[in-house]
């Protein structure tokens, strides 16, 4: 299926458009974003379902039990948008996505990220057609959630290194033109870091536009390699080890901080960029002991899950390396409390 960019409508109060949808509407959301929307407009859809988790069995049960509808609306963060995508893919019905935070690129991707045995797997293909970006809704979310969204663009820094290594060592497909496009996204993120940090309309637009570009070139390639490298393996492993859900950008930020060091790939620049963006790469919701276990088991986790070639296949994650990362994170945390 060829990716087609959605119709993106941005503005203050644009969520009001939901009240004009004709036919039966099912809203897939969570309690906090739903409360915000109820304050913004008087609208009662046919069904409202609160998303609990992204396990494949949960998604399949929801789709089978949800009443018939003409339109499904994903309202909230990445989990809400991905749940709506799963239902719309299964039913082939109209879908409108209304992200209330810009914490992940899920509202623009053509795949659904589901959890299968505690590992993220991509199931289904559906191109989002309609996106409503309401600045007022997004700006009401905690700023750190919106800033976290920058991590899925900042990850290009470490992902490109791994992609090139896979091409060099294994002959994996590599597209120099796409790599250049990806670097352009990274440069634009750098240039607009202040607006992203302040969560201004310009900052929100920057993230949405960079997501759109990143998703488009990854879809063209048929792989997320330009933005998904070993930094995402850090994220997947920490969630797998703890069995807990974290802010995705915190996890990926931790991955960038760690993997840029392992790659010896301008780690100081990567750390400074994340500071300017407000990405919490010290991952405050995980203990240092949990992070240590995550880093120590990275290679075994990667091998057991069959994930892609990366710096983890070239450079060992030694006890000394892990110790240095943990010590530096401890210092950073003491300054960020």
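Worth a mention:
- Residues that are part of a helix (DSSP H, G or I) and over 14 Å from the mean Cα position of the chain (by Cα), drawn from the range 246-264: 257, 258, 259, 260, 261, 262, 263
- Residue within the range 170-193 that is within 29 Å of residue 135 (Cβ to Cβ), buried (at least 17 other Cβ atoms within 10 Å of the Cβ) and under 13 Å from the mean Cα position of the chain (by Cα) present: no
- Taking every residue in the range 165-183 that is in contact (Cβ under 8 Å) with a residue 60 or more places away in the chain and pairing it with any residue that is crowded, with 17+ Cβ neighbours inside 10 Å and outside any loop (DSSP other than H, G, I, E, B), at least 6 positions away or on another chain, the pairs with Cβ-Cβ distances below 7 Å are 165/311; 172/166.
- Residue 37 closer than 14 Å to residue 134 by Cα and either touching a strand residue (DSSP E or B) at 6+ places or on another chain (Cβ under 8 Å) or not in a helix (DSSP H, G or I) (or both): yes
- Number of residues in the range 113-124 that are in contact (Cβ under 8 Å) with a residue 40 or more places away in the chain and either within 21 Å of residue 212 (Cα to Cα) or assigned to a strand (DSSP E or B) (or both) equals 8.
- In this structure, residue 323 does satisfy being more than 23 Å from residue 152 (Cα to Cα), out of contact with any strand residue (DSSP E or B) (no Cβ under 7 Å at 6 or more places or on another chain), assigned to a helix (DSSP H, G or I) and in the same structural domain as residue 238 (by TED's automatic domain parsing).
- Condition met for residue 259 (in contact with a helix residue (DSSP H, G or I) (Cβ under 7 Å, 6 or more places away or on another chain), farther than 28 Å from residue 175 by Cα, crowded, with 24+ Cβ neighbours inside 10 Å and not assigned by TED's automatic domain parsing to the domain that holds residue 77): no
- Verdict on residue 76 being closer than 28 Å to residue 234 by Cα, crowded, with 17+ Cβ neighbours inside 10 Å and modelled with pLDDT of 90 or more: yes
- Some residue of the range 287-303 being outside any helix (DSSP H, G or I), more than 23 Å from residue 244 (Cβ to Cβ) and without any contact (Cβ under 8 Å) to a residue 60 or more places away in the chain: no
- When 82, 110 are checked against the criterion of being surrounded by fewer than 24 Cβ atoms within 10 Å (Cβ to Cβ), closer than 21 Å to residue 213 by Cα and either assigned by TED's automatic domain parsing to the domain that holds residue 220 or touching a strand residue (DSSP E or B) at 6+ places or on another chain (Cβ under 6 Å) (or both), 110 stands alone in meeting it.
The values are calculated or read from the model by the stated rules, or taken from the named source; none is laboratory data. Keep in mind the model is a prediction, meaning the values are calculated, not measured. Don't worry about glycine lacking a Cβ; one is built from the backbone with ideal geometry, like all the others, and counts go over all protein chains shown.
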